[in-house]
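Colleague: Can you keep this structure in mind? I'll have questions shortly.
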Amino acid sequence: EGRTSTNAWCGDKCKVDSVAKLISERIEQVTGIPETNSEHFQILRYETGQFYNVHHDHIYNDVDRTTGARILTFFLYLSDVEEGGGTQFPRLSDSPGLTVMPRTGKALLWPSVMDDDPLVWDPRTHHAALPVDKGIKYACNAWIHMRDFKTQHEKGCS
């Protein structure tokens, strides 16, 4: 199995939730990219022993869609974890790679594509959610596209 966590999408209710709106505004401030380019938040829950194997956030077929490719991932830790549960980037450093441990409020931002050609995925940003050894990990993904995602999604074109 590649992924053993559970997740939920934060769609329409997030439009009116004050905390979600503040997070969306902050992501827009940090990236300089309109909030409408972001997919709806994906809320993640990893229990003890759960993980997500090495993967990449780029989706090849998105390049030809009206939204364009996922260009950035904004990842927000929503809880501390007693043991384990780090996010590992195996290609960003010598073996075993760079690992970021979860802490409530800590955020990561990484590219899915190359700066000089956003149609080419960046192989350095393969990553994995390491197993939670003790506790529960809550986190949130916001994938940011080249162009307006939310309008196209509402039209069924994403």
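The values are calculated or read from the model by the stated rules, or taken from the named source; none is laboratory data. Every value quoted in this text rests on a predicted model; they were computed, and no experiment measured them. FYI the Cβ positions are ideal-geometry reconstructions off the backbone, even for glycines, and counts take in every protein chain you see. For the accessible areas, the whole protein counts, side chains as well, though only heavy atoms, and no ligand, DNA or RNA atoms are used. Shrake-Rupley method; radii C 1.70, N 1.55, O 1.52, S 1.80 Å.
Colleague: Only one residue in C140, C157 is of a type outside the set (D, E), open to solvent by less than 60 Å² (accessible area, probe 1.4 Å) and at negative phi, so which one is that?
Modeller: Matching residue, one of C140, C157: C140.
Colleague: Let me ask another. Does D94 qualify as being farther than 25 Å from R26 by Cα and among the charged types (D, E, K, R)?
Modeller: It is true that D94 is farther than 25 Å from R26 by Cα and among the charged types (D, E, K, R).
Colleague: While we're on this one: Give, as residue ranges, the strands (runs of 3 or more DSSP E) completely inside segment 63-103 that count at least 1 residues that are open to solvent by less than 10 Å² (accessible area, probe 1.4 Å).
Modeller: Per the criteria, 70-77, 87-89.
Colleague: Mind checking which residues of segment 6-54 are under 14 Å from the mean Cα position of the chain (by Cα), small (G, A, S) and surrounded by 15 or more Cβ atoms within 10 Å (Cβ to Cβ)?
Modeller: Selection gives S24, S38.
Colleague: Against the definition (closer than 27 Å to D117 by Cα and part of a strand (DSSP E or B)), how does I27 come out, yes or no?
Modeller: The answer is no for I27.
Colleague: Sticking with this structure for a sec: Do you know which residues across segment 110-152 are among the charged types (D, E, K, R), free of Cβ contacts under 8 Å to residues at least 40 places away in the same chain and assigned to a strand (DSSP E or B)?
Modeller: The answer is D117, and nothing else.
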